[in-house]
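*Asks:* Quick one: structure below, then a few questions.
The values are calculated or read from the model by the stated rules, or taken from the named source; none is laboratory data. Keep in mind that this is a model prediction, so the values were computed, not measured. Cβ atoms come from the backbone with ideal geometry, glycine included; neighbour counts cover every protein chain shown.
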Amino acid sequence: MTIEFPVENVGLIGLREPLGRSAAQSILDSMGALSQSEPENWSRRFKANEEKLASGRPERLAEVVQSLYVRKSKSELSAGERKLLLAASDLLAGELSVALGMTIDAALERIDQQLS
């Protein structure tokens with residue numbers, strides 16, 4: 001499938017350069033060390049994670065995956081948070097697989113290894 005659009009509209013549609021190999025490795029390396037304060041209130045935490053997911057930025061996706069993975073290890077996630085974790089993991093794995101030349105399954109495995 002080929003998608004065509006005028007080059008001058010790149011910024012309008014949110015197209016960005018693909019993630020580079022070194023940036024992808026940096027994201028993976030930092031995932032276990034990410035520490036961030038997140039709202040205790042479920043609805044605020046959920047909204048913050050949704051906004052990060054919507055940004056599509058790999059760094060923000062890694063934040064969502066890491067925070068929900070940690071929360072999942074402490075207690076059960078809500079259905080909404082499980083969906084967010086799955087969506088963020090899939091998007092991040094897609095980015096990493098292209099940048100690092102691996103399958104999506106291999107990228108998901110690497111993410112899991114970094115967080116374990």
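*Asks:* If Glu95 satisfies every condition in (1) of a type in the set (D, E, K, R); (2) touching an Asp or Glu at 6+ places or on another chain (Cβ under 9 Å); (3) surrounded by 15 or more Cβ atoms within 10 Å (Cβ to Cβ) but one, which is the exception?
*Replies:* Only one criterion in (1) of a type in the set (D, E, K, R); (2) touching an Asp or Glu at 6+ places or on another chain (Cβ under 9 Å); (3) surrounded by 15 or more Cβ atoms within 10 Å (Cβ to Cβ) is unmet by Glu95, namely (2).
*Asks:* Pick out, from the stretch 23-116, the helices (runs of 4 or more DSSP H) lying fully within it that include 2 or more residues that are of a type in the set (Phe, Trp, Tyr). Write out each step before concluding.
*Replies:* Working: elements: 42-55, 58-74, 79-100, 104-115.
The helices (runs of 4 or more DSSP H) meeting that bar are 42-55.
*Asks:* Between a first residue in the stretch 55-73 that is farther than 13 Å from Leu84 by Cα and a second residue that is among the β-branched types (Val, Ile, Thr), which pairs have beta carbons less than 6 Å apart while being 6 or more apart in sequence or on different chains?
*Replies:* What qualifies is Pro58/Ile27.
*Asks:* In the set Leu68, Leu28, Leu61, which member is in contact with a Leu (Cβ under 6 Å, 6 or more places away or on another chain), under 20 Å from Met102 (Cα atoms), at pLDDT 90 or above and not small (Gly, Ala, Ser)? It would help to see each step written out before you state the result.
*Replies:* Values: Leu68 fails: under 20 Å from Met102 (Cα atoms); Leu28 fails: in contact with a Leu (Cβ under 6 Å, 6 or more places away or on another chain).
That would be Leu61, the only listed residue that is in contact with a Leu (Cβ under 6 Å, 6 or more places away or on another chain), under 20 Å from Met102 (Cα atoms), at pLDDT 90 or above and not small (Gly, Ala, Ser).
*Asks:* Just wondering, is there one or more residues in the stretch 2-22 that are within 23 Å of Leu85 (Cα to Cα), modelled with pLDDT of 85 or more, of a type in the set (A, V, I, L, M) and part of a helix (DSSP H, G or I)?
*Replies:* Checking the stretch 2-22: not a single residue is within 23 Å of Leu85 (Cα to Cα), modelled with pLDDT of 85 or more, of a type in the set (A, V, I, L, M) and part of a helix (DSSP H, G or I).
*Asks:* OK, next. With (1) closer than 23 Å to Gln113 by Cα; (2) at pLDDT 75 or above; (3) of a type outside the set (Gly, Ala, Ser) as the list, and Asn41 as the residue in question, which single condition is left unmet?
*Replies:* That leaves (1) as the condition not met.
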